[in-house]
Every structure is written in structure tokens, then in C-alpha cells.
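Starting off with a structure, shown below.
What follows is calculated from the coordinates using simple rules that are stated; it is not laboratory data. Keep in mind that this is a model prediction, so the values were computed, not measured.
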Amino acid sequence: MPNIKLYGYCTSPYVRKTAAFLYYKQLEFEHVPVNPVDPMATLEHTGGTQVPVLEIDGEWRRESSEHAFWLDQLFPQRPLCPAEAADKVKEIDRWVSDTFLRGFFRAAIDAPDTLQFRFRFWRLAQLVSSQTPLPEQVRQMWPDFVRQAPFIKAMADEMDLSESGEAMQARIAMELAGLIGNGPFMGEMPEPTMLDLAVFPQLVFGAMFGLEDGLSAARLPVLKAWIGAVASHLPPNPVLAPDFMVVKQLKDLL
């Protein structure tokens, strides 16, 4: 049996993405939580601080999309990038990486500094702290800590901030619906691929773990049907946050 470890924190969409790959392939793995305040304490062997890090039998790699190709090479069952549709999957994956996942960080860049904004980021700090305990002062400062993170500033440099956050989220939701089309999965594929597994955990994470009141994506019928279809291939808690932190089960949100 291969020794598989996934290093990262549950609040990272890229870590959740790689975890979904592993869950879909039904591979046993160990999640090694990383403290974002001191990542080198866990990641020293990689010589960097970037997550996720996927390690298989002592060999490790960083980029989440590359993890899909690597996993298919080692474990061909339940392919993440089927050979017969590789060009289509890789083309749509560029949208997932450059538009969807990048847009996920918009709230950390220029959302109004309201109490609601701070509650959301304090909740994220609780989720991180549930796996790698953070000092109280760090948890209280989490909204400012995230805003000032070099990773977030780099994201802002690559984003068109002339489009409002609300307009951007609405546009991305409609683009996602268009990519699902007649379904059942993205690219109108008959089975889930790395595309579905990269997007799905990000859409359900907030509602499941108390960051938003409901599953906003489910307001669009095509997205609601797609979420249910992808969920049937994954465990009830499809992300890496601990079960005791779940506020609403996914089945109750659909």
C-alpha cells in the first residue's frame, strides 16, 4: 500500500482540491496539517512554504493540477484527466485555475471591512486552529493577517479589480453553469474529472463550515444538480476540516 501524505491547511482551496482528487480515487492518505504562521516547521523537507504538498512514498510535488496528472500516472483507476478528453480537460482547467480559484480570494482583497467580513475570517482562523492551534492574538488578528499576506497581494496584482466583487462572482457562476452545460459533469463529461473536483469543495466549504448561511450556488438549478452529482462520488465531509466543525451537512443544504 502506498504511503500518501497531503500537507496543507483546510482553508486553502488548493489543498482541498488535491484532497478531493485523493478521495475520488479512493486512496488512503494522511493529512498533515500545516500551521500557516510557521509552515517551515512542517515543510522544511520541501525547502519552501507553498501548499499543498503531495508526498507519495517519499517523493513530493507542489502544484495541485500536476497532482492530478501524477495520481493518474501512479493510480490509473478512476482517472482525473481521461486520455480521450485530455485536451478539453486541460483547456477548462486553465479557466478553473485562472478564473474560478483566483476569484475565490476576492473577498480577502477588497471586501468592505465590516463586522460580517471579520466574523468570516475569525471563523477561518478557528478552522485552522482546530488542527494547528493558534495563539489567541493571532486568531483575533486573522482578518488583517490574511489581507497583508504576500500570496493575497500577488493574487490582487493578477486580478481585474475594476469589476465589482459581486459582479465577478455572478459572472463566474454563470460561466461555471455554461461549462457544465447538459452535464452531468463539467465539459459535459460522463464522469467527474479533476475539473469538478477542483471546483466542488470550494462551493460547499463555506456553507458546511459556517462561513455563509446557505449554499448560494444551489440557487441555480444546473449547479444544484451538479453539486448533488459530484457529492455522490465523495465522502459526506469532502474537505479536510474536522467533522466536529461542520455546521450543516451537505445533504441538508441541497
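Counting each DSSP H run of 4 or more residues in the chain as -39500 (n - 2.57), what helix-only mean residue ellipticity at 222 nm follows after dividing by all residues, to the nearest 500 deg cm²/dmol?
Numbers: 13 runs with 122 residues, N = 254.
That comes out to -14000 deg cm²/dmol.
Something else about it: Between residue 32 and residues 5 or more places away or on another chain, which pairs have amide H atoms under 5 Å apart, with H built 1.01 Å from N, and which residues are they?
6, 7, 8
Taking 19 Å as the cut-off for C-alpha to C-alpha distance, list the pairs among 17/90; 88/251; 224/251; 5/25 that go past it.
Over 19 Å apart, Cα to Cα: 88/251.
Anyone know which of 54, 220, 240 comes out most mobile in the 10 Å Cα GNM of the chain?
It is 220.
If you don't mind, there's one more thing I want to ask. So what are the ³J(HN,Hα) numbers for the stretch 57-73, from phi and the Karplus equation (6.51, -1.76, 1.60; θ = phi - 60°), rounded to whole Hz, Gly and Pro as x?
Taking θ as phi minus 60°, the curve returns 6, x, 9, 10, 9, 9, 5, 5, 5, 5, 4, 4, 5, 5, 5, 5, 5 Hz for the stretch 57-73.
Give me the tail of P(r) for the stretch 147-205 as a percent: Cα-Cα pairs with distance above 14 Å.
In whole percent, the long-distance tail amounts to 68.
Then there is this: Mind listing the phi-derived Karplus ³J(HN,Hα) values for the stretch 163-177, rounded to whole Hz, using 6.51, -1.76 and 1.60 with θ = phi - 60°, and x for any glycine or proline?
Each residue of the stretch 163-177 in turn: 7, 5, x, 4, 5, 5, 5, 5, 5, 5, 4, 5, 5, 4, 4 Hz.
What does DSSP give for the chain in terms of the percent of beta bridges that are antiparallel, rounded to the nearest 5? Walk me through the numbers on the way to the answer.
Working: 8 of 12 bridges.
The antiparallel proportion sits near 65 percent.
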